[in-house]
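The values are calculated or read from the model by the stated rules, or taken from the named source; none is laboratory data. Everything quoted here is computed from the prediction, not taken from an experiment. All Cβ positions, glycine included, derive from the backbone under ideal geometry; neighbour counts span all protein chains shown.
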């Protein structure tokens, strides 16, 4: 009803994530593209699992505050690489429109 298409399960395992897709009516707009991801998994290391969930949310259009995440680590943005030996960029600029 509110157009939510990204769901993050915050809990000790992904049990509810597996069942959540069935709770979303197929006729809902965006139901096919909806993302369901658990923040933690019992069979995976916590840091890996949480970073995977954050990455999946980011890749599906969610907002992740990466500056806050990397604060205090010394990490900094770097230019993306070019084609090998051609020195031309093949990445889209951040402001480029999608076609």
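The residue of segment 15-34 that is modelled with the lowest pLDDT, among those that are assigned to a loop (DSSP other than H, G, I, E, B) and exposed (fewer than 11 other Cβ atoms within 10 Å of the Cβ), is 27.
This table checks each residue for (1) at pLDDT 90 or above; (2) loosely packed, with under 10 Cβ neighbours inside 10 Å; (3) assigned to a helix (DSSP H, G or I).
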{"site": "2", "(1), (2), (3)": "no, yes, no"}
{"site": "13", "(1), (2), (3)": "no, no, no"}
{"site": "36", "(1), (2), (3)": "yes, no, no"}
{"site": "53", "(1), (2), (3)": "yes, no, yes"}
{"site": "57", "(1), (2), (3)": "yes, no, yes"}
{"site": "79", "(1), (2), (3)": "no, yes, no"}
{"site": "85", "(1), (2), (3)": "no, yes, no"}
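Considering every residue within segment 62-71, establish whether at least one is surrounded by 12 or more Cβ atoms within 10 Å (Cβ to Cβ), under 18 Å from the mean Cα position of the chain (by Cα) and in a loop (DSSP other than H, G, I, E, B). Yes: one or more hits.
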